[in-house]
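The values are calculated or read from the model by the stated rules, or taken from the named source; none is laboratory data. What you see is a predicted model; the values in this text were computed from it and never measured. Note that we place each Cβ from the backbone using ideal geometry, even for glycine, and neighbour counts take in every protein chain shown. Surface areas here come from the heavy atoms of the whole protein model, side chains and all, with no ligands, DNA or RNA. Shrake-Rupley method; radii C 1.70, N 1.55, O 1.52, S 1.80 Å.
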Amino acid sequence: MLAIENLVVRYGSILALRGISLEVNEGEVVGVIGPNGAGKSTMLMASAAAIPVAEGDIRFEGETVLKERPEKVVERGISLVPEGRHIFHRLTVGENLELGATTRTDAAAVEEDRARVFELFPILKEYLGTPAGKLSGGEQQMLAIGRALLARPRLLMLDEPSLGLAPVVIDRVFETLEQLRKTGMTILLVEQHAERTLDLADRVYVLRTGSIELAGTPEDLAGNPQFEKAFLGFV
């Protein structure tokens, strides 16, 4: 579904990604783990056509996204839940959710998807008229995921969804991702919580200083002595 090939991204003189390649197949949960500054967020932003790429290609369902506008990438079926959530604090919960469906014209299907979001996150229905800035961090993360789902993505990308959350809320986020996985949702998950990612993902890439150091199934990596060294570097 998603193929990243020899991707190079620069911020001025800083080389953020050094020719990385990875793939996400339909129905998979693929995890990318690594320390701060590894290039994980850069990879997701490039995949959402939100930042320029110096070299390489990113293809979604066989077609490049590099020349697309970000909103067109959403229309094609990629939704990103960014690090820090990026919700609109002065807008209500309901208005934030509406923004997730702005590229859609199928009103009846949007309402069905809203109902599914409320099944996943009942608290959002209770707070529909509440300014999003009044929600807790965990509730804001639920809102950010719900907003992304209202675009009806075929690929859901999440950037550090557990960042800054209490352990009980992290549990809820990962339970939700497991529920989405059971529906057949394809997920690309960037996380620092390596152990939680290994429990959820079908395959995992280890990204450090802009390069992929290791890749494989959780079982493969668990038996690899190099992974323990890398793992201990950022858990």
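Summarising the label geometry, the points placed 7 Å from Cα in the beta-carbon direction at THR217 and ASP202 lie 1.2 nm from one another. With 30 Å as the limit, the listed pairs LYS40/LYS67; LYS67/LYS134; LYS40/LYS72 have LYS67/LYS134 beyond it between alpha carbons.
Over the chain, with every protein chain in place, what whole percent of the accessible area is carbon and sulfur at 1.4 Å, could you tell me? Ligands and nucleic acids excluded, carbon and sulfur reach 50 percent.
Summed over qualifying helices (DSSP H, 4 residues or more, each -39500 (n - 2.57)) and divided by its residue number, the chain shows a 222 nm mean residue ellipticity of -11000 deg cm²/dmol. Relative to the longest principal axis of the Cα atoms of the chain, helix 107-120 runs at roughly 70 degrees. Using a simple spin-label model with pseudo-atoms 7 Å out from Cα toward Cβ, LEU163 and ARG59 lie 3.1 nm apart. Inter-label distance, GLU112 to ARG90: 3.7 nm, where each label sits 7 Å from its Cα along the C-beta direction.
Can you match semi-axes √(5λ) of the Cα gyration tensor in Å to one of these, (1) 28, 21, 16; (2) 31, 20, 19; (3) 52, 18, 14, based on a calculation from the structure here? Looking at semi-axes √(5λ) of the Cα gyration tensor in Å for this model, the match is (1). For the range 68-121, a/c is not less than 1.5, where a ≥ b ≥ c are the root eigenvalues of the C-alpha gyration tensor, and a/b does not top b/c. That puts it in the oblate class. How many angstrom lie between the Cα centre of the range 144-162 and the Cα centre of the range 44-110? Between the Cα centres of the range 144-162 and the range 44-110 lies a distance of 9 Å. Extension gain for the segment LEU66 to ALA50, taken as residue separation times 0.36 nm less the Cα-Cα distance, is 4.8 nm to one decimal. Taking amide hydrogens as placed 1.01 Å from N in the peptide plane, the amide H of GLU160 sits under 5 Å from those of VAL190, GLU191, each at least 5 positions away in sequence or on another chain.
Think of a 1.4 Å ball rolled over the protein heavy atoms: the chain then has 47 Å² of accessible area per residue.
When the chain is treated as a Gaussian network with alpha carbon springs shorter than 10 Å, the biggest mean-square fluctuation among VAL53, VAL206, VAL168 belongs to VAL168. Once the dipole of the chain is set up with Lys and Arg at +1 and Asp and Glu at -1 on Cβ about the Cα centre, which of LEU155, ALA46, THR197 lies farthest towards its positive end? Farthest along the dipole direction, towards plus: ALA46. Mind checking which of SER136, GLY146, PHE174 is farthest towards the positive end of the range 81-213's charge dipole, using Cβ charges of +1 (Lys, Arg) and -1 (Asp, Glu) about the Cα centre? The one lying farthest along the dipole's positive direction is GLY146. Lys/Arg Cβ at +1, Asp/Glu Cβ at -1, dipole of the range 53-138 taken about the Cα centre: which of THR64, PHE121, LEU80 is farthest positive-ward? Working it through, the farthest residue towards the positive pole turns out to be PHE121. Extension gain for the segment LEU128 to ASP171, taken as residue separation times 0.36 nm less the Cα-Cα distance, is 13.1 nm to one decimal. Distances between placed amide hydrogens fall under 5 Å for VAL53 paired with no residue 5 or more residues away or on another chain.
Between the helical axis of 137-149 and the longest alpha-carbon principal axis of the chain there is an angle of about 90 degrees. Return, ordered by residue number, the residues of the range 159-177 whose backbone nitrogen is under 15 Å from a label point located 7 Å along Cα→Cβ of THR183. Label zone hits: 173-177. The phi torsions of the range 210-218, fed into the Karplus equation with coefficients 6.51, -1.76 and 1.60 and a -60° offset, translate into couplings of x, 10, 8, 8, 9, 7, x, 6, x Hz, rounded to whole numbers, with Gly and Pro shown as x.
Here the dipole of the chain is about 620 debye; that uses its Cα centre as origin and unit charges on the Cβ of Lys and Arg (positive) and Asp and Glu (negative). Can you figure out the FRET efficiency of GLU119 with ARG10, using R₀ = 35 Å and their beta-carbon distance, to the nearest 0.05? That gives a FRET efficiency of 0.25.
If only the Cβ of Lys and Arg carry +1 and only the Cβ of Asp and Glu carry -1, the dipole of the range 64-178 around its Cα centre is close to 340 debye.
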